[in-house]
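Q: This is the structure, below, for whatever I ask next.
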Amino acid sequence: IQYPNGSDIVLAKFSSDGTKLLSSTYLGGSGNDGLNMFLPLKQNYADDCRGEILLDENDNVFVVSTSSSTDFPTTANAFQQNYGGGELDGCIVKTDNTLSNILWSSYIGGSGMEAVYSVTLDEFNNPVIAGGTSSTDLQINSDAIYPNYMGGECDGFITRISANGEKILNSTYWGTDVYDQVYFVELDRYNNIYVLGQTRDANSGLYHKALWFTSGGGQFISKLNSEMTEIEWSTVFGTGGGNVDISPTAFLVDYCNNIYISGWGSPKLSGFGGTAGLPLTPDAVQQTTDNNDYYFMAIADDASALTYASYFGGATSLEHVDGGTSRFDRSGKIYQAVCAGCGGNHDFPTTP
């Protein structure tokens, strides 16, 4: 589906009981907004619509997504008012809690392509965003961990923006000389930065100072200091060989800095990867997989150990979910959206 007439992002606010639409708005320009339809950034099933929405303490709304519109509504003092180039730029928008006023709005992008997948807020309400880029000319700090594009199809990036949206405070590329993208970003109470993403680096280039890892793992979890100038630790996991196994769907650092991830894998839907062979713990709720399942995992706060890992899914169904549609809460509970019972099967694990 090419959407030749353009597409818009839609924001909607409902009453707490779900019975009333309190406010709603379109958000976009004359091109395609909210759609990431381009390689190399579109890698996983349903990456097309990845993005995130977040509320601050005053219920102001932050939205991160993508735009192919050169006239996306940016504000006068935004850190990047103009479209960067290529087929796709990232975008970040802050509105009031009624969705009636854009408080600030900006592109983020260079001469290549960008997609922003995740946003969180630090203690000063500065948004921290993460995504993927093919641009060699993003706004990056000279003292960043990776101040230059690392090479390959695309790199991940992480950026902290001032609370008023007027400038980039810290930013770094994150990647190797092959495919890399950051799909989620989280902060702990000390404003350290944690990211989850994918890599096809068989040489474990994103491994640093972690006791638990899989050599050549296709997924990474990394902890950076708040200024993005130092790597606290970084680990890679998976089946190895630089193979991407799962599409990330949720990520959390809880109050005690325990780290949780959720993902799913299916070679029949994504054309690569799958859940077979991923590391498990003895207390896993499901020890077997048909290679088309969900995967839940928790690791220690210093990446020294795998504390829990399990498959979850039916014996024959191709369970899947769109990227970024699930959540953990701060106590470690997961709320997992699912597409299940695929093919008319009834084997998805349910409770009475």
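The values are calculated or read from the model by the stated rules, or taken from the named source; none is laboratory data. It should be emphasised that the depicted structure is a prediction, and the values quoted were computed from it without experimental measurement. All Cβ positions, glycine included, derive from the backbone under ideal geometry; neighbour counts span all protein chains shown. The protein model used for the area step is the full one, side chains on, heavy atoms only, and it has no ligands, DNA or RNA in it. Shrake-Rupley method; radii C 1.70, N 1.55, O 1.52, S 1.80 Å.
Q: What value, in deg cm²/dmol to 500, does the helix sum -39500 (n - 2.57) over DSSP H runs of n ≥ 4 give at 222 nm once divided by the residues of the chain? Intermediate results must be reported in sequence, preceding the final value.
A: Details: 1 runs with 4 residues, N = 352.
Helix contribution divided over all residues of the chain: 0 deg cm²/dmol.
Q: Considering only the other residues whose Cβ falls under 12 Å of the Cβ of Gly238, what net charge follows from Lys and Arg at +1 and Asp and Glu at -1?
A: -1
Q: Full-extension gain between Asp17 and Asn225, please, as 0.36 nm times their residue separation minus the C-alpha to C-alpha distance.
A: Details: separation 208, 0.36 × 208 = 74.88 nm, distance 3.99 nm.
Additional length available on full extension: 70.9 nm.
Q: While we're here: Please work out the FRET efficiency for the pair Thr316 and Asn97, using the Cβ-Cβ distance as r and a Förster radius of 45 Å; give the result to the nearest 0.05. Could the numbers behind the result be given before it?
A: Numbers: r = 45 Å, r/R0 = 1.01.
So, using R0 = 45 Å, E works out to roughly 0.50.
Q: Using 0.36 nm per residue, how much length does the chain from Glu153 to Glu57 gain when fully extended, once their Cα-Cα distance is taken away?
A: On the way: separation 96, 0.36 × 96 = 34.56 nm, distance 3.78 nm.
Fully extending the segment from Glu153 to Glu57 adds 30.8 nm.
Q: Give the accessible surface of segment 1-158 per residue, rounded to a whole number of Å², with probe radius 1.4 Å and ligands, DNA and RNA excluded.
A: Details: 6950 Å² over 158 residues.
Result: 44 Å² per residue.
Q: Please work out how much length the chain gains when fully extended from Ser111 to Asn164, using 0.36 nm per residue of separation minus the C-alpha to C-alpha distance, in nm with one decimal.
A: Working: separation 53, 0.36 × 53 = 19.08 nm, distance 2.48 nm.
Value of the extension gain: 16.6 nm.
Q: Please compute the alpha carbon radius of gyration of segment 1-80, then divide it by the globular-protein estimate 2.2 N^0.38 Å. Two decimals is fine. Mind showing how you got there, number by number?
A: Details: Rg = 14.6 Å, N = 80, 2.2 N^0.38 = 11.6 Å.
The reported ratio for this selection is 1.25.
Q: Can you give me the accessible area per residue for segment 175-268, using a 1.4 Å probe, in Å²? Display every interim value, and only then the final one.
A: Details: 2910 Å² over 94 residues.
Heavy-atom SASA per residue in segment 175-268 reads 31 Å².
Q: In addition: Calculate what fraction, in whole %, of the accessible area of segment 151-287 sits on carbon and sulfur atoms when a 1.4 Å probe is rolled over the protein chains. Working shown, then result.
A: Details: 2150 of 4450 Å².
About 48 percent, which is the carbon plus sulfur part of the accessible surface.
Q: For segment 1-120, what is the relative contact order in percent, using Cα pairs closer than 8 Å and at least 6 residues apart in sequence? Mind dumping the intermediate values first?
A: Values: 283 pairs, mean separation 28.0, N = 120.
Value for segment 1-120: 23 percent.
Q: In addition: Distance in nm between label sites at Asp122 and Ala284, each 7 Å beyond Cα in the beta-carbon direction?
A: For Asp122 paired with Ala284, the spin-label model returns 3.8 nm.
Q: How high is the relative contact order of the chain, in percent, counting Cα pairs under 8 Å that sit 6 or more residues apart?
A: Values: 1049 pairs, mean separation 34.8, N = 352.
RCO, the chain: 10 percent.
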